[in-house]
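Notes follow the structure.
The values are calculated or read from the model by the stated rules, or taken from the named source; none is laboratory data. Worth saying up front: this structure is predicted, and the values here are computed from it rather than measured. Using ideal geometry, Cβ is built from the backbone for each residue, glycine included, and neighbour counts are taken over all protein chains shown.
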Amino acid sequence: MQLYIKLLSHPLQSAPQMLATQGAAQSYVMVFTCQDDQELLQILDKLSVEHSEQVLDEAYVWYGEDGKLGIEEVMAAIMPFNTFYARMRHPWLLEDLSRHVEMHFQPIVDFTQNGKIFGYEALCRLRDPDGNMLNGEDAFRLARQVNRAVELDIACQNLALAGKAKAIPHGTPLFINVLPQTIMRGDWLSVMLDALDRHGMEHRDVVIEIVESEEVSPDVLAKHCDMIRTQGLRIALDDMGSGFNGLSTLAVVKADFIKIDRTIVHEAQGSRVRTVLLEAIISMAQRLGCTIVAEGLERVEDITYCQDLGLVYAQGYYFAKPEAVPVQNVTALPARDESHRSPIPDEFRINEFVSRGLTIEVNTPIDHARKTFIENPDIACAVVLDSLRPIGLLKRGKVFTHRNDALGNYCDPLPRMITSRMPSSTLARGLYLERGEIEPWIMVSDDGVYIGIVHPLEIMSQIISRKTSSGNLHPLSHLTTGPTLRQSLDVSLRNNPTTQLVYIDLDHFKAYNDRYGFIRGDAMIRLLSEIVRQEFNNRTGVLVGHIGGDDFVLILDHEDPGLVNLLLKVVSHFQALAVHLYDSSDLERGFFTTEDGKDHPVASVSIAVVNGSQGRISNSVAAAERAATLKKIGKSNIGSIIVVESTPPRLIIPRTDEYSNWQARALNALKTLQTLPRNADAHCLDSCFSDYPFFEVVFELNPDGTQRFANWINPNMYGKIKAGGAGADRSLQTYYSAVRDSKNPYISSIYLSTATEDFCLTVSLPLLDANGVLSSILVADINIAAMAMLSNLPSDEPEPTLALTATA
């Protein structure tokens, strides 16, 4: 018998005979002679070990006696290498698969019921004739190789239903994995319904979990899922955030549950990027009315993290491993202690409370030190530095004694030393243990370099206030959400007849997410939240809340005659800032196009004002219904609109020529820095950051694009942005090339900074000599909250006459 193996790339070195074909694409044919099936298997085993899976995926096999078959029979017998190998190595895969399938059941727990079992997922296990157990992934990989994936899928479904009928009580849902290609078989649904009736099973007790296997049309899949839902079964999308179950599927398939891919959940605490993706999926699920199930939870930290995100259901090895007989008890939810504290609800950052303080070098003459204190009459003490490292505290009372010793002899020992990485719990314990007069604490970097001072009592007040208020803050916007928001809304409606509600949401947001992705979608939500926060958060009698997704609400305990003007400012600022979240081509057209060919306008917001003029608002549900009616009225308008409750409803279309000069303010601030001395001292611009706190980092480029000095970092960002950078080549960056080519300022689109893990944009400004020749470029990063703050400042300075280069 002859074994022929054709390779499309390169030959297998172990072949005893080699044939090379000629043509546009050269390929190779290896020839082996086999005495029997045992020798054939030995050759196949050797090839599978010696060569990569990718090489063998491209290989095709023919096995038989030369000259005995016609060309049609030979062609019919050619098959992929992996298919042929699986058939020869595992012939039992061609038999009745139900004899080899075992179903194991893993519990899904309910966080809100103290970890009580909510349901189970049925998971495939395949036992070969030698007794070896294959997990579901390996089982379906082999089944696909022999073209029996659908047969295995149906066998698993039948055994799963039998297992539920035997051991899982009525009312406890069972999640059954089903391949998309199985669902789309014409007779599948009727066979499934017959099986449910045969077992006497409530349709609602079965959740069809659509697994990520191969790419299918979301619209076709949605059509079949709609038919499934009409029969009372529920739908879950598996592995959301990876593979083929992406946003386009979520947008069209009406799912009851979304199962988050374990790779996103696992280790999510350590990755802001993964956290952003998880928050985006949660926001979308809330908006679409889906319930999220977190998969793959193994660590205590991941469980507390998911609880803090507000998730309800979860499964994973922490609770219980899959078993043939469904377990009735699971590992209890972990106790909440500081060692497993999630970072999501506690956004306390000590860097926010650091001030540079007064510093004096240790070799400074004592009379110069006295002069420094005279020039700063409000300063009680100074930090003495030796080569940028703190060595002592110099107090005003001691420096004015009559002695004239060296400066070090006047110093007191340093008070408590801390770093920017110290958690709030450790700070609180330090405050508790302090005795006597509380002096400023000294903050240093990880390598001991002085950063600044913090005042312990201010830290304590912030810890107390945040601990009492941050448990119900939305993880993306940091606005009130969840039960606290609902309770505040209902209490205000019940006790205050003058309560006014303002509902704000983004238009075409699902389409925007589909076109631009989760990261930019989160940036847009964050931008709108910061604009609303800047406009309303410091006003009395107003609570700013984040309902979820792209929906926000304002709760006003009084009638405000200037409310509409404030809302017009919100729309104006949003339209001015949101342009940095679109591609330039979409901005030029004024709309963006999604994959379905539909056009959607850029940067529009719908606002509904429910003021009680049409009758008292009974509760939050009634208020939401009235807001939805108002917004529906405004949907006929293209672009942003404000609809105020009245008879008839009052429609207000914002002006399109409103101007926000936040860019001018940022550029003017950067122009101011060019007049100040700049050098290799990493702290030479520290005093400027107190005047221009919206800059996170500033650096300067030479005309050739190399960085002239190390980064000048805002002290609030120490520990988040890396120091250094001098000599780095930035010539390939757009913030350099755009300014070099145009000699105009440049503003980037909004992006997610890997350094600060926040949404930012970059501003760069050319510095020209007397002859108009480029001498250097100043570059600065601004975060999204600072953009909103700059946009909201009073317009009391003249606009600059600078041209502007921007990109999307």
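So the values come out like this:
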quantity: Pairs with Cβ under 6 Å, 6+ apart, first in the range 351-380 and in contact (Cβ under 8 Å) with a residue 40 or more places away in the chain, second crowded, with 17+ Cβ neighbours inside 10 Å and assigned to a loop (DSSP other than H, G, I, E, B); calculated: ASN351/SER420
quantity: Some residue of the range 17-29 being within 50 Å of the chain's Cα centre (by Cα) and modelled with pLDDT of 85 or more; calculated: no
quantity: Residue list for the range 342-383, filter: among the acidic types (Asp, Glu) and either farther than 30 Å from THR484 by Cβ or at pLDDT 85 or above (or both); calculated: GLU361, ASP367, GLU375, ASP378
quantity: Filtered residue count, the range 111-169, keeping only those that are more than 36 Å from the chain's Cα centre (by Cα), among the polar types (S, T, N, Q) and within 20 Å of ASP197 (Cα to Cα); calculated: 1
quantity: First in the range 309-325 and on the phi > 0 side of the Ramachandran plot and assigned to a loop (DSSP other than H, G, I, E, B), second anywhere and among the aliphatic types (A, V, I, L, M) and buried (at least 21 other Cβ atoms within 10 Å of the Cβ), Cβ under 7 Å, 6 or more apart; calculated: GLY316/LEU297
quantity: Which numbered condition PHE118 misses (of (1) over 16 Å from HIS90 (Cα atoms); (2) part of a loop (DSSP other than H, G, I, E, B)); calculated: (2)
quantity: Residues of the range 134-167 satisfying the condition of being among the charged types (D, E, K, R) and assigned to a helix (DSSP H, G or I); calculated: GLU137, ASP138, ARG141, ARG144, GLU151, ASP153, LYS164, LYS166
quantity: Test set (1) β-branched (Val, Ile, Thr); (2) outside any strand (DSSP E or B); (3) within 30 Å of VAL325 (Cβ to Cβ) - VAL49 fails condition number; calculated: (3)
quantity: Positions within the range 701-728 being out of contact with any Lys or Arg (no Cβ under 7 Å at 6 or more places or on another chain), among the polar types (S, T, N, Q) and part of a loop (DSSP other than H, G, I, E, B), in sequence order; calculated: ASN711, ASN714
quantity: Conditions (1) of a type outside the set (A, V, I, L, M, F, W, C); (2) crowded, with 17+ Cβ neighbours inside 10 Å; (3) in contact (Cβ under 8 Å) with a residue 60 or more places away in the chain; number of the one not met by THR498; calculated: (2)
quantity: Any hit, the range 668-683, residues being assigned to a loop (DSSP other than H, G, I, E, B), of a type outside the set (D, E, K, R), touching a Lys or Arg at 6+ places or on another chain (Cβ under 9 Å) and crowded, with 19+ Cβ neighbours inside 10 Å; calculated: no
quantity: Test result for SER424, buried (at least 16 other Cβ atoms within 10 Å of the Cβ), more than 29 Å from ARG370 (Cα to Cα) and modelled with pLDDT of 65 or more; calculated: no
quantity: Extreme residue, farthest from SER355 (Cα to Cα), among residues of the range 388-406 that are in contact with an Asp or Glu (Cβ under 9 Å, 6 or more places away or on another chain) and at pLDDT below 85; calculated: ASN404
quantity: So VAL178, is it within 32 Å of the chain's Cα centre (by Cα) and free of Cβ contacts under 8 Å to residues at least 40 places away in the same chain; calculated: yes
quantity: Complete set of residues in the range 251-271 that are at pLDDT 60 or above and part of a loop (DSSP other than H, G, I, E, B); calculated: VAL253, LYS254, ALA255, ASP256, ASP261, HIS266
quantity: Residue satisfying condition, being surrounded by 16 or more Cβ atoms within 10 Å (Cβ to Cβ), modelled with pLDDT under 75 and of a type in the set (D, E, K, R), within set ASP796, ASP758, ASP781; calculated: ASP758
quantity: Sole residue being under 23 Å from TYR120 (Cβ atoms) and either at pLDDT 70 or above or of a type in the set (D, E, K, R) (or both), chosen from ARG336, ARG274, ARG287, ARG234; calculated: ARG234
quantity: Residue among GLY517, GLY541 that is on the phi > 0 side of the Ramachandran plot, without any contact (Cβ under 8 Å) to a residue 40 or more places away in the chain and surrounded by fewer than 23 Cβ atoms within 10 Å (Cβ to Cβ); calculated: GLY541
quantity: Sole residue being touching a residue at least 12 places away in the same chain (Cβ under 8 Å), of a type outside the set (Phe, Trp, Tyr), in contact with a Phe, Trp or Tyr (Cβ under 8 Å, 6 or more places away or on another chain) and in a helix (DSSP H, G or I), chosen from ALA608, ALA603, ALA578, ALA627; calculated: ALA627
quantity: Matching option when the condition is surrounded by fewer than 20 Cβ atoms within 10 Å (Cβ to Cβ), among the hydroxyl-bearing types (Ser, Thr, Tyr) and out of contact with any His (no Cβ under 8 Å at 6 or more places or on another chain), among SER572, SER584; calculated: SER584
quantity: Any hit, the range 640-654, residues being surrounded by fewer than 14 Cβ atoms within 10 Å (Cβ to Cβ) and at pLDDT below 85; calculated: no
quantity: Within the range 61-110, considering residues that are hydroxyl-bearing (Ser, Thr, Tyr) and surrounded by 14 or more Cβ atoms within 10 Å (Cβ to Cβ), the one farthest from the chain's Cα centre (by Cα); calculated: TYR63
quantity: Any hit, the range 638-660, residues being closer than 22 Å to MET789 by Cβ, assigned to a loop (DSSP other than H, G, I, E, B) and in contact with a strand residue (DSSP E or B) (Cβ under 8 Å, 6 or more places away or on another chain); calculated: yes
quantity: Qualifying residue in the range 212-229 (condition: outside any helix (DSSP H, G or I), in contact with an Asp or Glu (Cβ under 7 Å, 6 or more places away or on another chain) and among the β-branched types (Val, Ile, Thr)); calculated: no
quantity: Subset of the range 303-330 that is crowded, with 19+ Cβ neighbours inside 10 Å and polar (S, T, N, Q) - its residue that is nearest to VAL109 (Cα to Cα); calculated: GLN315
quantity: In the range 462-475, the residues that are surrounded by fewer than 21 Cβ atoms within 10 Å (Cβ to Cβ) and either at pLDDT below 55 or under 23 Å from the mean Cα position of the chain (by Cα) (or both); calculated: ILE464, SER465, ARG466, LYS467, THR468, SER469, SER470, GLY471, ASN472
quantity: LEU47 vs. criteria under 47 Å from the mean Cα position of the chain (by Cα) and either over 23 Å from ASN147 (Cα atoms) or surrounded by 14 or more Cβ atoms within 10 Å (Cβ to Cβ) (or both); calculated: yes
quantity: Selection within the range 675-712 - farther than 25 Å from SER737 by Cα and among the aromatic types (Phe, Trp, Tyr); calculated: PHE689, TYR692
